Amino acid sequence: MKISKALKTLVLLAIVVCSNAIFAQQPSTYQVHSHNDYAQEFPFWGAYVGGAASIEADVFLKNNILYVTHSEAEILPENTLERLYLQPLAGLARTGDLRKLQLLIDIKSDAESTLEALVQELQDYPVLTQSENLKWVISGNRPKASAYKNYPDFIEFDHQELDDLDTIDLSRVGLISVDFKNYSVWNGFGNMVAPELKKVKEAIAKAQAVDKPFRFWGSPDTKITWTRFANLSVAYINSDVPAQAVSYLKTLEQNTYVNTKKVEVYTPEFSFDYEDKPVNVILMIGDGNGLAQITSAQIANRGNLTLTQLQDIGFSKTASTDDLVTDSAAGATAMATGTKTHNRAIGVNQNDEKLKNITEILSARGFTNGLITTDAIDGATPASFYAHRKERDDTEGILSDLATSGIDFFIAGGRSKAALVPDIFKVLQLDDFVDLNGKTAIYIGENKVPSIAQGRGDLLAQSVKQSLEILEKDREPFFMMIEASQIDSNGHANNTAGIVQEMLDFDETIARVLRFADKTKNTLVVITADHETSGFGIISGDLKTGELHGEFLTTNHTGIMVPVFAYGPQAQKFRGAYENTEIFQRILKALEIVP
């Protein structure tokens, strides 16, 4: 027991020491009310450092002492209002560190005598009663509204009626609170039913009509509740875990996205013959692109994507040899070579021995090979289709492997590293890329290609369209790998808007590819991902407006299976659930090539 108390003291001291820089910060845009704050492990400090905008203390007057407790029977001698709240507040105020805060004093004993004692005690702390940053609001047992005016100006009241707002003096009303259970039985998961939601909105509107902040007590305390109340403009959001609620609500804006640009959805013709052998293969990789990322773009695009028009669908298992959660290097190597390897490996097996990749195999059979990516050309995914290195950060070694690769052209970022690319690749501007006369390098970014948010526009789709026109004119069979790399980087950043924007751009590129496949009728298209990134989940949205709110499990990759979509001759081979190495195997089987 002594050890436990000592540890608690050390934790509290750590909070106090670390909090000086935090105190000056403003609370979250969405204001959180720390309900029954005295019941927290560290009353006041936990909520204050956690960013709560309002803190509640239940108060009971006994023997002229104000105790913080829910009832007389639960009084602990050390838990006085002065020790737990007034002294810490006064310390902050005297040092100039007190930020804006509401103290909700919920009176559990007699209203008038307790209020009298409270006023007397507060008058000993002029640093608090005169602070512009501190708001004192009386809740629980209160005098009648007509008596609000009889108390000092620094005291305001938590009015708990909505039907008399047009008949009382509102000048001393600092807050309006009502019991949520009088309006809804919602448990905080899913959605409120329409009639109850209407009643909830009407209650909020009544408080807003008289320009007073509003709070529900007795409400559910879930992330969905916090989100719904934030969207309904509830002024103070009730929570028993205020630091978690504040932290979550700070991400709400970043995790919510409303799409204003609906992309055109292409409907494939399905006029190819499944039993034909394809002539060309296009492998499209959405880096980090799992089912949730695809679904988020579908919601943002008002319910439809080109990708979701496809009918031949499977799932890829992405684990590497040394980890359930693969990185892009091992994931792409599995697809490029048909062999699992360890994380960070590029085109080598788990013993770091070279593996023959699909572009080398196809180049030996007369195929033209191209890479298009929104990453740099030495990024892990494109590199896995031409290089052989045990370490993905071996930039010089990776780029030197282009000299002996089967790659005929690439369009990628990485201009800053162009000096490391073998000079057998002539460097062209995209507009000057009109034929396949020798090996060609086209850089569309110093490092990574600019993101959609940075103004990339439809550069990926246009690069693919231009390349396909050249390949069609060349009349040789071809393999092309197209990577939308920045779905992944936005997953790492937990950026919902970026995920959706990059996925919608990928879908526009998919539409370009499917149009080509319908035109030629001899092109197999395989669309998948190397892994899922961030454990992205969709917790709310609106198909009519294109709005969605996402949430993230991690900033890392996950071990979740990723979808595989196929279109064109032999697309049926890609149905089912299988290891990512089967992408390589099934492409070669479709081409009737034995490696």
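Only one entry of 179, 153, 164, 158 meets the criterion of being charged (D, E, K, R), out of contact with any Asp or Glu (no Cβ under 7 Å at 6 or more places or on another chain) and free of Cβ contacts under 8 Å to residues at least 12 places away in the same chain, and that entry is 153. Taken over region 379-392, the criterion of being under 22 Å from residue 489 (Cβ atoms) and touching a residue at least 40 places away in the same chain (Cβ under 8 Å) is satisfied by 379, 380, 381, 382, 383, 384, 385, 387, 389, 391, 392.
Would region 484-492 turn up any residue that is in the same structural domain as residue 282 (by TED's automatic domain parsing), hydroxyl-bearing (Ser, Thr, Tyr), assigned to a helix (DSSP H, G or I) and closer than 21 Å to residue 329 by Cα? Checked against the condition, which is being in the same structural domain as residue 282 (by TED's automatic domain parsing), hydroxyl-bearing (Ser, Thr, Tyr), assigned to a helix (DSSP H, G or I) and closer than 21 Å to residue 329 by Cα, region 484-492 yields at least one hit.
Name the one entry in 473, 465, 426 that is of a type outside the set (A, V, I, L, M, F, W, C), touching a strand residue (DSSP E or B) at 6+ places or on another chain (Cβ under 7 Å) and either closer than 15 Å to residue 374 by Cβ or in the same structural domain as residue 327 (by TED's automatic domain parsing) (or both).
Criteria check complete, one pass: 426.
Taken together, the residues in region 112-158 that are part of a helix (DSSP H, G or I), over 16 Å from residue 81 (Cα atoms) and either in contact with a strand residue (DSSP E or B) (Cβ under 8 Å, 6 or more places away or on another chain) or polar (S, T, N, Q) (or both) amount to 4. Among the residues making up region 572-595, none is within 22 Å of residue 519 (Cα to Cα) and in a strand (DSSP E or B).
For region 105-116, indicate whether the set of residues that are touching a Pro at 6+ places or on another chain (Cβ under 9 Å), more than 20 Å from residue 33 (Cβ to Cβ) and among the charged types (D, E, K, R) is non-empty. Working first, answer last.
Taking region 105-116 first, the residues touching a Pro at 6+ places or on another chain (Cβ under 9 Å) are 111-112, 115.
Filter once more, so that each one left must be more than 20 Å from residue 33 (Cβ to Cβ): 111-112, 115.
Filter once more, keeping what is among the charged types (D, E, K, R): 112.
Within region 105-116, one or more residues are touching a Pro at 6+ places or on another chain (Cβ under 9 Å), more than 20 Å from residue 33 (Cβ to Cβ) and among the charged types (D, E, K, R).
Report, by residue number, each residue of region 402-422 that is touching a residue at least 12 places away in the same chain (Cβ under 8 Å), assigned to a helix (DSSP H, G or I) and surrounded by fewer than 21 Cβ atoms within 10 Å (Cβ to Cβ). Listed by number, the residues that qualify are 403, 415, 416, 417, 418, 420. Please count how many residues of region 557-571 are within 27 Å of residue 355 (Cα to Cα) and either over 27 Å from the mean Cα position of the chain (by Cα) or part of a loop (DSSP other than H, G, I, E, B) (or both). Of the residues in that region, 6 qualify.
Just one of (1) crowded, with 20+ Cβ neighbours inside 10 Å; (2) of a type in the set (Ser, Thr, Tyr); (3) closer than 30 Å to residue 225 by Cα fails for residue 555. It is (1).
Residue 525 - would you say it is among the aliphatic types (A, V, I, L, M) and either under 19 Å from the mean Cα position of the chain (by Cα) or not in a helix (DSSP H, G or I) (or both)? Against the criterion (among the aliphatic types (A, V, I, L, M) and either under 19 Å from the mean Cα position of the chain (by Cα) or not in a helix (DSSP H, G or I) (or both)), residue 525 qualifies.
Somewhere in region 431-445, is a residue within 29 Å of the chain's Cα centre (by Cα) and either surrounded by 21 or more Cβ atoms within 10 Å (Cβ to Cβ) or in a loop (DSSP other than H, G, I, E, B) (or both)? Give the steps one after another, and end with the answer.
Here is the first cut: in region 431-445, the ones within 29 Å of the chain's Cα centre (by Cα) are 444-445.
Of the ones still in play, those that are also either surrounded by 21 or more Cβ atoms within 10 Å (Cβ to Cβ) or in a loop (DSSP other than H, G, I, E, B) (or both) are 444-445.
The answer is yes; a qualifying residue exists.
Among the residues of region 418-442, which ones are among the aromatic types (Phe, Trp, Tyr) and under 21 Å from residue 404 (Cβ atoms)?
Once the filter is applied, which keeps residues that are among the aromatic types (Phe, Trp, Tyr) and under 21 Å from residue 404 (Cβ atoms), region 418-442 yields only 425.
Output the residue which, of all residues in region 201-253 that are of a type in the set (Ser, Thr, Tyr) and either surrounded by fewer than 18 Cβ atoms within 10 Å (Cβ to Cβ) or assigned to a helix (DSSP H, G or I) (or both), is modelled with the lowest pLDDT. Quick ask: steps written out before the conclusion?
Just the residues of region 201-253 that are of a type in the set (Ser, Thr, Tyr), to begin with: 219, 222, 225, 227, 233, 236, 239, 247-248, 251.
Retained after the next criterion (residues that are either surrounded by fewer than 18 Cβ atoms within 10 Å (Cβ to Cβ) or assigned to a helix (DSSP H, G or I) (or both)): 222, 225, 227, 233, 247-248, 251.
Details: 222: 94, 225: 95, 227: 91, 233: 95, 247: 93, 248: 91, 251: 88.
Once the filter is applied, the top-ranked residue is 251.
The values are calculated or read from the model by the stated rules, or taken from the named source; none is laboratory data. Not measured: the values here are computed from a predicted model. FYI the Cβ positions are ideal-geometry reconstructions off the backbone, even for glycines, and counts take in every protein chain you see.
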